[in-house]
1. Considering only residues that are within 30 Å of A17 (Cα to Cα) and hydrophobic (A, V, I, L, M, F, W, C), which ones fall in region 38-90?
2. Of everything in region 35-60 that's charged (D, E, K, R) and within 20 Å of K73 (Cβ to Cβ), which residue is surrounded by the most Cβ atoms within 10 Å (Cβ to Cβ)?
3. Got a sec? Which of L24, L48, L56, L39 is under 22 Å from N84 (Cα atoms) and not acidic (D, E)?
4. If R23 meets every condition in (1) surrounded by 13 or more Cβ atoms within 10 Å (Cβ to Cβ); (2) at pLDDT below 90; (3) of a type in the set (K, R) apart from one, which number is that one?
Amino acid sequence: MVKTSLNRIKNTATHCASSVLLRLDIATEESRQEKRFKLLGEKVLQALLDDRLDTLKEDPSIVELIGAIQEKKKLILELRQKSNAKGQNK
């Protein structure tokens, strides 16, 4: 009886810690994504001010940023789906 109760407490604590870490991962990735969007916005604004919008597609740093944003978007979506699945398995 005591062992069963302790196992339940241990399992609950493990599940809770896992959920918190997963939410922390999501928050971290969203923060990184926000920084990328901000950097992309700054580059686009500068291109607008310098009247060189047509060169954005050829700028390697822009292409790299957009690729990183798309990859992080997928990662965040996967983490959210994993979090939702854990929440439903309670």
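The values are calculated or read from the model by the stated rules, or taken from the named source; none is laboratory data. Only a predicted model underlies this, so the values are computations on that prediction, with no experimental measurement involved. Positions of Cβ are backbone-derived with ideal geometry, glycine not excepted, and every protein chain shown enters the neighbour counts.
1. Those that are within 30 Å of A17 (Cα to Cα) and hydrophobic (A, V, I, L, M, F, W, C): A68, I69, L75, I76, L77, L79, A85.
2. Step one: of region 35-60, the residues charged (D, E, K, R) are 35-36, 38, 42-43, 50-52, 54, 57-59.
When the remaining residues are screened for being within 20 Å of K73 (Cβ to Cβ), the result is 35-36, 38, 42-43, 57.
On the way: K35: 10, R36: 17, K38: 10, E42: 10, K43: 15, K57: 9.
Per the criteria, the residue is R36.
3. Values: L48 fails: under 22 Å from N84 (Cα atoms); L56 fails: under 22 Å from N84 (Cα atoms); L39 fails: under 22 Å from N84 (Cα atoms).
Sole residue among the options that is under 22 Å from N84 (Cα atoms) and not acidic (D, E): L24.
4. The failed condition is (2).
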